[in-house]
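Enquirer: I have a structure here, written as structure tokens, and I will follow up with some questions on it.
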Amino acid sequence: MATPTPRSIDPHKETSVTTPASPLLTLNNGVSMPALGLGVYRSAPEDTAGAVRTALGNGYRLIDTAAAYGNEAQVGEGITGSGLDRSEVFVTTKLWNSEHGFDATLRAFDTSLHSLGLDYLDLYLIHWPIPAEFDATIASYQAMEKLLDEGRVRAIGVSNFTEKHLETLISRTTVVPAVNQVELHPFFTQPAVRDADATHGVITQAWSPIGGVYSNHPADPDDLVRPLEHPTLAGLAARYGKSPAQIVLRWHLQQGRAVIPKSVRANRIAENIDVFDFALTSEDIDAIDAIDIVLRGGSDPDLVEAHTFG
């Protein structure tokens, strides 16, 4: 397998910027969003700015963070140090569960924007629905509609919404979400959510797109599952001269999904975006679809409460 040469950015030197490597998806409001970006979930603050600079130097143009990740400031530092104009980088952050409600959402947005050091956002998402307090979730989305109308954010959306949550939100608000970011990987393909998203023109964006964050269950050490070791993926990787992770990312992208793989390692960051020089066949895609064992690694959105995560 040919390994791309990672381009790591030294923050103390002038930066020569690469050409964007990812194709664009058109959101339902006409805004363009890169299909592949860098996620920074569980990226330590001390590693985040460097990872962002490295990603942008390797052609990434989408960075996905969240208030709950504790690294928005470092994402902003990485963007500033990249040598790119602000308009060239698509920035997503998310509203945390403890801030649901109209006024709380407006305050949280201002806090995130200040932390990032930006004067507008490209995409603002509700991080999780709170089913037991869904009126507050609706109020948050209505506040986001206000931010959109004021031009402070270019697109709004949701994260971790089931098809039921999505249908309810759409029936009670004005702006159809542009994106629904959900756990989605070969062991958990979420067909009902994908179908609901498609029906409403919502882009499905996969977090944990290769299943590498949550798919292993340490409480069951004798029954660990490792998606990237699945023989179907190993066989396809050997055939195409790519890594199993690259095969999975390509599987997402060819079906119109956006992906935000996470890494702070320069070689992995470069590898994850080196997926646009080959194409899977329809039979390959069907074979990966068949891997699904309905293994949700993250929290069940129907059970999330305002303080579920502490």
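Enquirer: Quick one: in region 26-39, which of the residues that are aliphatic (A, V, I, L, M) and crowded, with 20+ Cβ neighbours inside 10 Å is farthest from Trp251 (Cα to Cα)?
Expert: My answer is Leu27.
Enquirer: Next question. So which residues in region 143-178 are among the hydroxyl-bearing types (Ser, Thr, Tyr), more than 21 Å from Leu116 (Cβ to Cβ) and buried (at least 19 other Cβ atoms within 10 Å of the Cβ)?
Expert: Thr162
Enquirer: Would you check which residues across region 160-213 are among the β-branched types (Val, Ile, Thr) and under 30 Å from Ser263 (Cα atoms) and list them?
Expert: Those that are among the β-branched types (Val, Ile, Thr) and under 30 Å from Ser263 (Cα atoms): Thr162, Val179, Val182, Thr189, Val193, Val202, Ile203, Thr204, Ile210, Val213.
This table checks each residue for (1) out of contact with any His (no Cβ under 9 Å at 6 or more places or on another chain); (2) on the phi > 0 side of the Ramachandran plot; (3) modelled with pLDDT under 95; (4) not charged (D, E, K, R).
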residue	(1), (2), (3), (4)
Phe102	yes, no, no, yes
His114	yes, no, no, yes
Leu125	yes, no, no, yes
Ala132	yes, no, no, yes
Leu147	yes, no, no, yes
Gly151	yes, yes, no, yes
Arg154	yes, no, no, no
Glu167	no, no, no, no
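Let's see how each residue does on (1) farther than 16 Å from Val52 by Cβ; (2) in contact with a helix residue (DSSP H, G or I) (Cβ under 7 Å, 6 or more places away or on another chain); (3) buried (at least 23 other Cβ atoms within 10 Å of the Cβ):
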residue: Val91; (1), (2), (3): no, yes, yes
residue: Leu106; (1), (2), (3): yes, yes, no
residue: Gly117; (1), (2), (3): no, yes, no
residue: Tyr120; (1), (2), (3): yes, no, no
residue: Leu125; (1), (2), (3): yes, no, yes
residue: Pro129; (1), (2), (3): yes, yes, yes
residue: Ala132; (1), (2), (3): yes, no, no
residue: Asp135; (1), (2), (3): yes, no, no
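Enquirer: While we're on this one: Just to verify a result, which residue in region 8-60, among those that are β-branched (Val, Ile, Thr) and touching a Lys or Arg at 6+ places or on another chain (Cβ under 6 Å), is modelled with the highest pLDDT?
Expert: Per the stated criteria, the residue is Val31.
The values are calculated or read from the model by the stated rules, or taken from the named source; none is laboratory data. Just so it is clear, the model here is predicted, and its values are computed rather than measured. Cβ sites come from the backbone with ideal geometry, for glycine too, and all protein chains shown count toward neighbours.
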